[in-house]
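> A single structure is presented below for examination.
The values are calculated or read from the model by the stated rules, or taken from the named source; none is laboratory data. Bear in mind the structure is a predicted one, so any value in this text is a computation, not a measurement. Cβ atoms come from the backbone with ideal geometry, glycine included; neighbour counts cover every protein chain shown. Surface areas here come from the heavy atoms of the whole protein model, side chains and all, with no ligands, DNA or RNA. Shrake-Rupley method; radii C 1.70, N 1.55, O 1.52, S 1.80 Å.
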Amino acid sequence: MEHNPKLVSSEVAALWSAYMLNSMAYCIVQHFGSVNEDADATDIIQTALTNCLFVVDEVKQIFEKENHAIPIGFTQEDVNLKAGRLYSDLFTLRYIKYMAAAGTAAAAALLEVLARNDIRELFSKTSERFMKLYNDACDLLLKKGAFVRSPTIAPMEKAEYLQSESFLSGLIGKHRPLTAIELAHISKNTETNSIGRTFIAGFSQTAKSPEVRKFMERGMEIASKHETVFRQILIEDGVPMPSTWDSTISQSIDAPFSDKLMMFQTNSLTAISVAGYGAAIGASLRKDLGGHYTRLVAEILQYANDGVKLMIENRWMEQPPQNVDREALRNRSV
């Protein structure tokens, strides 16, 4: 019988994070499924649930074999399937598309730091599953005429090399037009803020804790501000505005999710924003864009830090696996 080596830190981190995110997403999509009235979306919702459960079960089995503690994650205690509709069925599709894309990218990126064959196989299958889910969600959104598209640009007439460093300018005075790559990042980051703003708008009216409601309201303001920054860049560049996200939210104040889950989902979206802004900084050669992203990242990081503090105060922050504290062992009481 082949014996697997012990899990290394990167593998433990990947498995733990996958368990947390998928147990959370399972709860969210369960609620979406319980209120769904769109027959076309039934199969996609079921596939999303199956994918999340697949990851959770696989990670659990691996941790059990390794005598590693199973994360608490999120359970049926974190979702109220009797709660009424909070978001539209169209938002459900867009959420599944968005999270499927994030799951595909995360699983694929993790392969680089995974050594064990069984762990690589798990994340390879995860990437394949979520990629198919993403494509199915895209196809349905296109069919419904509800796919959020990036701005269009005129076809490039010829390929050529740059001849001036003015291509990098943009802090002061007139700047050159946005590149397709820069536009792609602006569109993606606008989309992230838009779906986040919609999500936490619902959280802000259903959270039980006044502190959580206040935190969500602050997040809505930040997301709205960042959307405005990105849209202003497009306006100044004469770029056609991309279509906007559906933001229909009911008047329900009956919480479908626990405050703990809502905080975790908000922090997860914040982490995706930070990663997206970081990628945009590396791909944006216009100096004014780098300035915008750097400033906005700082604001998001502060918001995320405050969110972690709030979760710790309420004992909602599950401790990630960490290295042994040797100093604590040396200084323990005899």
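> If you go through the stretch 234-249 one residue at a time, do you hit one that is touching a Leu at 6+ places or on another chain (Cβ under 9 Å), surrounded by fewer than 16 Cβ atoms within 10 Å (Cβ to Cβ), in a helix (DSSP H, G or I) and not aromatic (Phe, Trp, Tyr)?
no
> Residues that are among the aromatic types (Phe, Trp, Tyr) and open to solvent by 10 Å² or more (accessible area, probe 1.4 Å): does the stretch 179-201 have at least one? Walk me through how you get there before you give the answer.
Start the filter on the stretch 179-201 by keeping residues that are among the aromatic types (Phe, Trp, Tyr), which leaves 199.
Narrowing the set further to residues that are open to solvent by 10 Å² or more (accessible area, probe 1.4 Å) leaves none.
No: the stretch 179-201 contains no residue that is among the aromatic types (Phe, Trp, Tyr) and open to solvent by 10 Å² or more (accessible area, probe 1.4 Å).
> Answer yes if at least one residue in the stretch 147-157 is closer than 24 Å to His31 by Cα, touching a residue at least 40 places away in the same chain (Cβ under 8 Å) and outside any loop (DSSP other than H, G, I, E, B), and no otherwise.
So far as the stretch 147-157 goes, no, none of its residues is closer than 24 Å to His31 by Cα, touching a residue at least 40 places away in the same chain (Cβ under 8 Å) and outside any loop (DSSP other than H, G, I, E, B).
> Look at the stretch 33-82 and say how many of its residues are under 29 Å from Glu121 (Cβ atoms) and not in a helix (DSSP H, G or I).
The total comes to 10.
> Another one. What number of residues in the stretch 295-310 are open to solvent by 80 Å² or more (accessible area, probe 1.4 Å) and either within 19 Å of Met20 (Cβ to Cβ) or not charged (D, E, K, R) (or both)?
To start, the set of residues in the stretch 295-310 that are open to solvent by 80 Å² or more (accessible area, probe 1.4 Å) comprises 295, 301-302, 309.
Checking the rest, the ones that are also either within 19 Å of Met20 (Cβ to Cβ) or not charged (D, E, K, R) (or both) come to 301-302, 309.
Number satisfying all stated conditions: 3.
> Just a yes or no: is a residue in the stretch 311-325 closer than 23 Å to Ala13 by Cα, open to solvent by less than 20 Å² (accessible area, probe 1.4 Å) and at pLDDT 95 or above?
Taking every residue of the stretch 311-325 in turn, at least one turns out to be closer than 23 Å to Ala13 by Cα, open to solvent by less than 20 Å² (accessible area, probe 1.4 Å) and at pLDDT 95 or above.
> Report every pair of residues separated by at least 6 positions or lying on different chains whose Cβ atoms are under 8 Å apart, first residue within the stretch 52-78 and free of Cβ contacts under 8 Å to residues at least 40 places away in the same chain and under 19 Å from Ser268 (Cβ atoms), second in a helix (DSSP H, G or I) and aromatic (Phe, Trp, Tyr).
Qualifying pairs under 8 Å: Cys52/Tyr26; Leu53/Tyr26; Val56/Tyr19; Val56/Tyr26.
> A further question on this structure: Quick one: in the stretch 37-62, which of the residues that are of a type outside the set (A, V, I, L, M) and crowded, with 18+ Cβ neighbours inside 10 Å is nearest to the chain's Cα centre (by Cα)? Reasoning before the result, please.
Within the stretch 37-62, the first condition is being of a type outside the set (A, V, I, L, M), and the residues that meet it are 37-38, 40, 42-43, 46-47, 50-52, 54, 57-58, 60-61.
Filter again for crowded, with 18+ Cβ neighbours inside 10 Å, leaving 47, 51-52, 58.
Working: Thr47: 19, Asn51: 16, Cys52: 15, Glu58: 22 Å.
Here the residue is Cys52.
> Still on this structure, please answer the following. Any chance the stretch 57-68 includes a residue that's of a type in the set (Lys, Arg) and closer than 29 Å to Arg315 by Cα?
Step one: filter the stretch 57-68 for residues of a type in the set (Lys, Arg), giving 60, 65.
Subsequent filtering for residues that are closer than 29 Å to Arg315 by Cα retains 60, 65.
Yes, because at least one residue in the stretch 57-68 is of a type in the set (Lys, Arg) and closer than 29 Å to Arg315 by Cα.
> Regarding the stretch 118-128, can at least one residue be identified that is open to solvent by 20 Å² or more (accessible area, probe 1.4 Å), more than 21 Å from the chain's Cα centre (by Cα) and without any contact (Cβ under 8 Å) to a residue 60 or more places away in the chain?
Filtering the stretch 118-128 down to residues open to solvent by 20 Å² or more (accessible area, probe 1.4 Å) leaves 118, 120-121, 124-125, 128.
Of the ones still in play, those that are also more than 21 Å from the chain's Cα centre (by Cα) are 118, 120-121.
Still in the list and also without any contact (Cβ under 8 Å) to a residue 60 or more places away in the chain: 120-121.
Taking every residue of the stretch 118-128 in turn, at least one turns out to be open to solvent by 20 Å² or more (accessible area, probe 1.4 Å), more than 21 Å from the chain's Cα centre (by Cα) and without any contact (Cβ under 8 Å) to a residue 60 or more places away in the chain.
> Can I ask one more? Hey, among the residues in the stretch 129-159 that are of a type in the set (Asp, Glu) and surrounded by 12 or more Cβ atoms within 10 Å (Cβ to Cβ), which one's farthest from Ala48 (Cα to Cα)? Please lay out each step first, then the result.
The initial filter retains those residues of the stretch 129-159 that are of a type in the set (Asp, Glu), namely 136, 139, 157.
Filter once more, so that each one left must be surrounded by 12 or more Cβ atoms within 10 Å (Cβ to Cβ): 136, 139.
Numbers: Asp136: 11, Asp139: 15 Å.
Result: Asp139.
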